[in-house]
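The values are calculated or read from the model by the stated rules, or taken from the named source; none is laboratory data. Because the structure is predicted, anything quoted here is derived from the model rather than measured. Note that we place each Cβ from the backbone using ideal geometry, even for glycine, and neighbour counts take in every protein chain shown. Quick note on the areas: whole protein, heavy atoms, side chains included, nothing else; ligands and nucleic acids left out. Shrake-Rupley method; radii C 1.70, N 1.55, O 1.52, S 1.80 Å.
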Amino acid sequence: MRRVDLVAPPMAGHLHPVLGIAARLAQEPRLDVRVVSTAAAQPAITAAGVAGLALLDGADEVIETVVNPPYRIGSDPRLLFRQFRAAVALQADFRRELLAAWGRCQPDLVVADFTMGAVGTAADEIGVPWWTTHPSPCAIEGRAGPPSYLGGWRPGSSAAGRARDAAGRAAVRGFKRVAPRLAGVRLADVGMARIHREDGSESIYSPSGSSR
């Protein structure tokens, strides 16, 4: 029997799409399916009829504070970088516990929500293939067209418009490269060497497959 571990944060918008995939996979008689998240996600996992594994015991309140802080972040770089540092610290802790769990029971395939950037590097470390689920594929960098995160531009149809789109894509890409240093974050803490691979794809997404 093949084991498939699906990994998602406890937030409903990320967890529920993964649960749908897990419930379908669990119908396959040759697959042993498990959803890995935190304690807050376990009731929903049980309701979906699949096995669950809770990591980061006692961290759900911290996660909620990081995701929905009691103040408005907006575009304040100081607050954005504070949130980024806190999120990376949680990912690093999750990765350590996940590797420990996999040391006891290693999966044959890992399917991870796109926000779980440390999961893919953990799967690489134990030599297991991994795929990315992404409920919002518009956030993935493209090689053409308007960039993500810059206000929903319409695709440029003229030479000037295409040049604007290219400049926007370069700006987003450049910001992603410098953001860890500006925030004082070590990508190595989550097993990542760089934001982008040699082929230009983003390291947090699987190089071999995705589900959208």
Hits in the range 172-185 (condition: open to solvent by 60 Å² or more (accessible area, probe 1.4 Å) and touching a residue at least 12 places away in the same chain (Cβ under 8 Å))
R177, L182, G184
Of the residues A139, A160, A171, A166, which is small (G, A, S) and closer than 24 Å to A8 by Cα?
A139
Among the residues that make up the range 166-187, is at least one of them closer than 28 Å to A22 by Cβ and either under 19 Å from the mean Cα position of the chain (by Cα) or part of a helix (DSSP H, G or I) (or both)?
no
Checked the range 25-67 for anything open to solvent by 60 Å² or more (accessible area, probe 1.4 Å) and within 16 Å of L98 (Cβ to Cβ); matches are D57
Among the candidates R85, R143, which residue alone is surrounded by fewer than 17 Cβ atoms within 10 Å (Cβ to Cβ), touching a residue at least 12 places away in the same chain (Cβ under 8 Å) and either of a type in the set (S, T, Y) or assigned to a helix (DSSP H, G or I) (or both)?
R85
Confirm whether D93 is of a type in the set (D, E), free of Cβ contacts under 8 Å to residues at least 40 places away in the same chain, in a helix (DSSP H, G or I) and open to solvent by 20 Å² or more (accessible area, probe 1.4 Å).
yes
Close pairs from the range 155-167: first open to solvent by less than 90 Å² (accessible area, probe 1.4 Å), partner hydroxyl-bearing (S, T, Y), Cβ under 8 Å, at least 6 apart
none
